[in-house]
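Here's the structure, in structure tokens; my notes come after.
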Amino acid sequence: MDRIPILKLGRALLVTIQVDMHDRLATALEDDLTNQIVKHGAHGVLIDISALEIVDSFIGRTLDTIAAVSRVLDAETVVVGMRPAVAITLVELGLSLAGVKTALNVERGMALLRQRDDQPEQEDGASAG
Amino acid sequence: MAPAPADSTVLQIRSSDDVVLIRQQVRARAAEAGLGLVDQTKIITAASELARNTLDYGGGGTMAMTMVNDGLRRGIRLVFDDKGPGIADIQQALRDGYTTGNGLGLGLGGAKRLCNEFAIESTVGVGTRITIARWK
Ligand SMILES: Nc1ncnc2c1ncn2[C@@H]1O[C@H](COP(=O)(O)OP(=O)(O)OP(=O)(O)O)[C@@H](O)[C@H]1O
Ligand SMILES: [Mg+2]
């Protein structure tokens with residue numbers, strides 16, 4: 001079965017989705033990412049969706065789940081490169097992606113993750129922003 | 001139910017790969033019909049939701065795709081058919097957040113918002129037909 005490659009980028013993992021994501025691929029990505037986060041002790045996950053022509057409720061739910069699982073493993077997920085037409089459609093569809101951080105591109109996504117790493121430890125575990 | 005018009009393309013929906021195929025076919029047709037990028041994205045997303053419902057709840061089925069050009073409007077119309085259990089309460093099924101699976105309950109309501117035309121015909125024990133269209 002084909003899989004989406006996961007690259008290590010400093011303390012983060014980078015996933016570039018290049019194909020039209022079918023359901024099994026999405027589910028495999030969820031599993032692979034979880035394993036890789038633990039293996040590398042990654043602090044962040046960048047998911048580049050600039051090649052995706054649509055995000056429907058299934059893909060949206062997958063992104064949400066990845067973000068939620070990553071968070072439990074102390075890694076932040078940032079979805080980068082969403083096309084404007086996809087963003088417009090997502091909102092009308094009713095998907096909020098509330099648990100997912102977004103950034104315009106990989107560079108800005110990395111900056112966001114670095115910001116988080118630079119923040120001092122907080123007593124109550126809640127991070128600002 | 002009436003057969004699909006003669007000039008329509010009928011695609012099978014039997015696996016999640018078919019859902020991907022449908023997205024590609026709808027994109028090609030929507031572009032051909034002259035829809036802009038945002039409108040294309042909207043109808044493809046709606047089609048993806050309905051195709052998945054056809055697969056998950058209808059036990060598979062078909063999608064018929066027709067170009068519409070009646071002088072007043074240009075666009076595409078998609079008809080999803082299945083011979084599944086049907087939908088007993090359509091208003092309830094359309095409500096955001098309502099799901100009998102493990103989804104978000106956004107597909108039907110979302111597809112309706114993304115299209116210019118949206119109609120559900122469903123008979124319990126017989127099947128479901130959902131028709132959508134998007135104009136240029
Ligand atoms: N073709 C169909 N045949 C029978 N029941 C259906 C069909 N399509 C939808 N339904 C019913 O309507 C409900 C709502 O559908 P909808 O697509 O809005 O949400 P969902 O598929 O449950 O979740 P999501 O689409 O957000 O992943 C479904 O849970 C199912 O019970
Ligand atoms: Mg659905």
In nm, to one decimal, how far is the residue A:31 label point from the residue A:50 one, both placed 7 Å along Cα→Cβ? 3.0 nm
Per DSSP helix of 4 or more residues, -39500 (n - 2.57); summed, then divided by the residues of chain A. What does that give at 222 nm, rounded to the nearest 500? -14500 deg cm²/dmol
Structure shown: which of B:42/B:112; A:101/B:112; B:42/B:136; A:101/B:136; A:8/B:42 lie over 22 Å apart, alpha-carbon to alpha-carbon? A:101/B:112; A:101/B:136; A:8/B:42
Pick from A:49, A:59, A:88: which is most flexible by mean-square fluctuation in a GNM of chain A where alpha carbon atoms under 10 Å apart are linked? A:88
Using protein chains only (no ligands, no nucleic acids) and a 1.4 Å probe, work out which residues of segment B:32-62 have their accessible area cut by at least 40 Å² relative to the chain alone. B:38, B:41, B:42, B:45, B:49, B:52
Rounded to the nearest whole Å², what accessible area per residue is found for chain A with the 1.4 Å probe? 52 Å²
Could you tell me how far the Cα centroid of segment B:79-136 sits from the Cα centroid of segment B:1-69, in Å? 14 Å
At R0 = 45 Å the Cβ-Cβ FRET efficiency linking residue B:17 and residue A:115, nearest 0.05, sits at 0.65
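Out of the total accessible area of segment B:9-135 (probe 1.4 Å, heavy atoms of protein only), what percent is carbon and sulfur?
49 percent
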Expected sort for A:34-46, B:89-101, B:113-125 on mean C-beta neighbours within 10 Å, highest first, is A:34-46, B:113-125, B:89-101
Order B:126, A:80 by their accessible area, 1.4 angstrom probe, all chains in place, largest first. B:126, A:80
Among all helices in chain B defined by DSSP H, which have a length of 27 Å or more along the axis from Cα atoms plus a Kyte-Doolittle mean of at least -0.5? B:37-56
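Using a 1.4 Å probe on protein heavy atoms only, how many Å² of accessible area do B and A hide from each other, summed over both chains and rounded to 100?
The buried area between B and A, both sides summed, comes to about 2000 Å².
The values are calculated or read from the model by the stated rules, or taken from the named source; none is laboratory data. All of these numbers come straight from a predicted model, not from anything done at the bench. Neighbour counts run over all protein chains shown; Cβ positions are idealised from the backbone, glycine included. Keep in mind that these areas ignore ligands, DNA and RNA; they rest on the heavy atoms of the full protein, side chains included. Shrake-Rupley method; radii C 1.70, N 1.55, O 1.52, S 1.80 Å.
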